[in-house]
Amino acid sequence: MITKLIVRGLVAGLLAGLLAAVFAYAVGEPRIDQAIALEEAAAAVAAPAGDVGGTATGTHSHEAGTEEAAHSHGEEALVSRNGQRFGLFLALGLYGLAVGGLFALVYAAVRGRAGPRSEPALAVTLAAAAFLAVVLVPFVKYPANPPAVGDPGTIGQRTVLYLVAVAIGLLAVAAGVAAHRYASGGEPWVRWLVTGAAVLVPVVAAWALMPRIAEVPRGFPADLLWDFRVASLGTQVVFWAGIGVLFAFAARRRTPV
């Protein structure tokens with residue numbers, strides 16, 4: 001039975017990843033192109049800034065700018081935009097396979113022990129909880145940024161903080177599940193109130209203590225930043241909704257758990 005669930009999870013994850021890739025290609029890629037164009041325009045303006053005066057220093061600055069431009073073009077040629085777009089589908093497909101397998105294992109572990117009684121409802125609820133913990137909670141504190149936003153020197157710090165945010169999201173959801181089960185004997189509104197408090201209190205406390213990262217350059221278009229973040233979050237919504245619905249369809253049974 002576990003093997004069948006894993007196979008269904010892999011298939012559901014792959015299809016959900018491809019659906020998310022289609023959404024990201026249609027909605028997110030135009031924003032990335034706009035951000036890259038802004039980055040290239042800023043680099044073109046900054047490149048001749050040091051080439052003033054005609055002195056040896058100016059010549060050296062010009063040569064350095066030329067080398068930097070050549071390096072930038074070389075990196076761009078190494079992986080073209082078409083190659084990156086293909087990589088988007090490949091990466092999200094592989095990501096879907098990995099997440100789908102893990103999702104099936106978690107589903108098998110919690111089935112019959114927590115959550116709704118019907119298997120489709122359990123799958124959708126589990127996907128929603130995973131989206132809340134892994135995507136939404138970290139996104140609120142550290143939203144995604146397009147190209148030209150972010151200091152390369154802080155990549156390590158940002159990665160660590162994001163992983164800490166994911167861990168906090170997982171712990172908060174686990175606390176919510178435990179509180180929901182603990183208050184099972186009370187009124188429904190009390191049960192959901194306790195569950196919400198168990199999720200929100202640790203998240204709000206952690207967000208107040210964790211450092212804020214503000215690296216959006218002055219003058220960066222606010223509408224482009226907003227559209228990119230909406231597209232990034234929308235991609236995850238499509239992925240987790242897809243994996244929940246597809247797995248619910250694949251794992252459904254006539255009898256309840």
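Odds and ends about this structure:
- Taking segment 178-190 as the range and being buried (at least 18 other Cβ atoms within 10 Å of the Cβ) and at pLDDT 85 or above as the test, only ALA179 passes.
- Failed item in (1) surrounded by 15 or more Cβ atoms within 10 Å (Cβ to Cβ); (2) at pLDDT 65 or above, with HIS62 passing the rest: (2)
- When the criteria are applied in full, GLY156 meets the requirement of being without any contact (Cβ under 8 Å) to a residue 40 or more places away in the chain, within 20 Å of the chain's Cα centre (by Cα) and outside any loop (DSSP other than H, G, I, E, B).
- Condition met for ALA251 (at pLDDT below 85 and buried (at least 16 other Cβ atoms within 10 Å of the Cβ)): yes
- Members of segment 202-220 that are of a type outside the set (D, E, K, R) and exposed (fewer than 14 other Cβ atoms within 10 Å of the Cβ): VAL204, ALA205, ALA208, LEU209, PRO211, ALA214, PRO217, GLY219
- Look at segment 103-117: where a residue is more than 15 Å from ALA12 (Cα to Cα) and a partner is modelled with pLDDT under 90 and part of a loop (DSSP other than H, G, I, E, B), sitting 6+ places away or on another chain with Cβ atoms under 7 Å, you get ARG111/VAL257; GLY112/VAL257; ARG117/PRO256; ARG117/VAL257.
The values are calculated or read from the model by the stated rules, or taken from the named source; none is laboratory data. Keep in mind that this is a model prediction, so the values were computed, not measured. Note that we place each Cβ from the backbone using ideal geometry, even for glycine, and neighbour counts take in every protein chain shown.
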